[in-house]
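Student: Here's a structure for you.
The values are calculated or read from the model by the stated rules, or taken from the named source; none is laboratory data. Here the structure is a predicted model, which means the values were calculated and not measured. In this analysis, Cβ positions are derived from the backbone assuming ideal geometry, glycine residues included, and neighbour counts consider all displayed protein chains. Only protein heavy atoms, including side chains, enter the accessible area calculation; ligands, DNA and RNA are left aside. Shrake-Rupley method; radii C 1.70, N 1.55, O 1.52, S 1.80 Å.
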Amino acid sequence: MRTIKLGTSGLDVPVIAVGCMRINSLEKNEAERFVQASLEQGANFFDHADIYGAGACEEIFADAIHMNDSVRENIILQSKCGIRPAQGMFDFSKEHILASVDGILSRLRTDYLDILLLHRPDTLVEPEEVAEAFDLLARSGKVRHFGVSNQNPTQIQLLQKYVKQPLVANQLQLSITNATMISSGFNVNMANDSAVNRDGGILDFCRLHDITIQPWSPFQYGFFEGVFLGSDKFPELNRVIDELAAKYEVSATTIAMAWLLRHPARMQPVTGTMNIERLTDCIKASHVELTREEWYAIFRAAGNVLP
């Protein structure tokens with residue numbers, strides 16, 4: 001699979017990351033087949049979070065991949081912390097970050113994470129505490145690189161004022177139908193809803209600061225309302241995607257993923273499927289480069305109006 005540099009980390013990573021949020025929906029033998037199929041196709045970057053399956057997803061993954069030192073050398077592991085659903089809060093305290101990482105490492109049966117992301121912004125964050133936690137994790141070798149998820153430019157800048165390590169990734173919701181971070185850039189100084197800047201210009205900020213955007217839910221519309229592919233809510237979008245799928249002799253899934261990869265921000269989308277065939281279709285997108293005309297045709301077909 002084609003690779004990109006992850007931010008300023010120096011890591012060469014597959015352009016498609018394998019999201020493991022739903023791996024707990026698989027039986028043991030299914031999980032083993034899914035992980036093996038991923039590796040066989042060069043998809044060796046696995047995205048986790050301590051809240052996925054209340055921690056069970058990390059344990060299931062470690063079992064499925066038969067984790068040992070040899071296996072660990074050939075994969076890239078990313079996990080996230082900071083959401084505490086049982087307490088109904090977010091927590092970027094030093095104590096919680098350190099405890100979370102220890103739990104993650106134990107469940108994944110590894111000594112280190114390649115990347116740790118802070119999951120959702122904690123408005124009570126004390127950035128000095130985050131810096132202390134990151135320093136301890138870096139010095140101990142438990143975490144090699146750091147990033148964030150769902151954060152805007154000023155939140156990142158506040159952290160980076162204190163955190164010594166570069167923040168190399170920002171995981172953000174982005175799909176053809178959830179593309180306000182793109183559409184607002186077309187509508188600068190316009191008196192319409194599309195001109196509303198909802199994220200502080202995070203797309204350009206990440207490009208300026210060499211932070212890799214990792215789109216999550218790349219096939220969803222709304223907030224987990226459903227998948228736009230094949231949906232009767234998006235007839236024109238599906239018509240255009242299906243025509244391009246026929247042209248390139250790939251699936252609609254491949255074209256939808258290729259739309260994200262065509263953006264020059266050099267993003268790394270995170271899949272959510274546990275279906276091997278759909279994962280394969282996602283991976284095929286790394287070898288499909290849409291033309292400028294095709295990219296814009298998809299964008300307009302999703303209901304976006306160019307000013």
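Student: Cα centroids of segment 165-203 and segment 269-307: how far apart, whole angstrom?
Tutor: 18
Student: On to the next question. Per residue, what accessible area does segment 205-307 have, given a 1.4 Å probe and all protein chains present, in Å²?
Tutor: Solvent-accessible surface per residue comes out at 48 Å².
Student: Same structure, new question: Relative contact order of the chain, please, whole-number percent, based on alpha carbon pairs below 8 angstrom and at least 6 residues apart.
Tutor: Reported relative contact order: 18 percent.
Student: Put His287, His119 in order of accessible area, largest first, 1.4 Å probe: what do you get?
Tutor: Most to least solvent-accessible, the answer reads His287, His119.
Student: Turning to a different aspect of this structure: Go through Lys28/Lys94; Lys5/Lys247; Lys164/Lys284; Lys28/Lys164; Lys161/Lys233 and tell me which ones have a Cα-Cα distance over 32 Å in this structure.
Tutor: Over 32 Å Cα-Cα: Lys28/Lys94; Lys164/Lys284; Lys28/Lys164; Lys161/Lys233.
Student: If you don't mind, there's one more thing I want to ask. For Cα extents along the principal axes in Å, the listed values are [x] 63, 53, 34; [y] 51, 48, 36; [z] 55, 42, 39; which was obtained by calculation from the structure presented?
Tutor: Identified label for the calculated read-out: [y].
Student: Using just the helices of the chain, give the 222 nm mean residue ellipticity in deg cm²/dmol: DSSP H runs with n ≥ 4 each add -39,500 (n - 2.57), and the total is spread over all residues, rounded to 500.
Tutor: -11500 deg cm²/dmol
Student: Return the sequence-ordered ³J(HN,Hα) values of segment 31-41 in whole Hz as given by the Karplus equation 6.51 cos²θ - 1.76 cosθ + 1.60 applied to θ = phi - 60°, using x for Gly and Pro.
Tutor: Running phi through 6.51 cos²θ - 1.76 cosθ + 1.60 with θ = phi - 60° gives 4, 4, 5, 5, 5, 5, 5, 4, 5, 5, 9 Hz.
Student: Something else about it: Can you give the longest run of the chain that contains no chymotrypsin sites (Phe, Trp or Tyr not before Pro) sitting in a DSSP loop with at most 15 other Cβ atoms inside 10 Å?
Tutor: No qualifying site falls inside 1-222, the longest such stretch.
Student: Which loop GluC sites (Glu not before Pro) in segment 8-109, with loop taken from DSSP, have no more than 11 other Cβ atoms within 10 angstrom of their Cβ?
Tutor: Of the GluC sites (Glu not before Pro), the ones in loops of segment 8-109 whose Cβ has at most 11 other Cβ atoms within 10 Å are Glu27, Glu73.
Student: Identify the GluC sites (Glu not before Pro) of segment 214-248 meeting these criteria: DSSP loop state and at most 15 other C-beta atoms within 10 Å of the C-beta.
Tutor: Glu225
Student: What GluC sites (Glu not before Pro) in segment 260-302 are in a loop by DSSP, with at most 14 other Cβ atoms within 10 Å of the Cβ?
Tutor: Glu289
Student: What range in the chain is the longest one free of trypsin sites (Lys or Arg not before Pro) that are in a loop by DSSP and have at most 11 other Cβ atoms within 10 angstrom?
Tutor: 1-163
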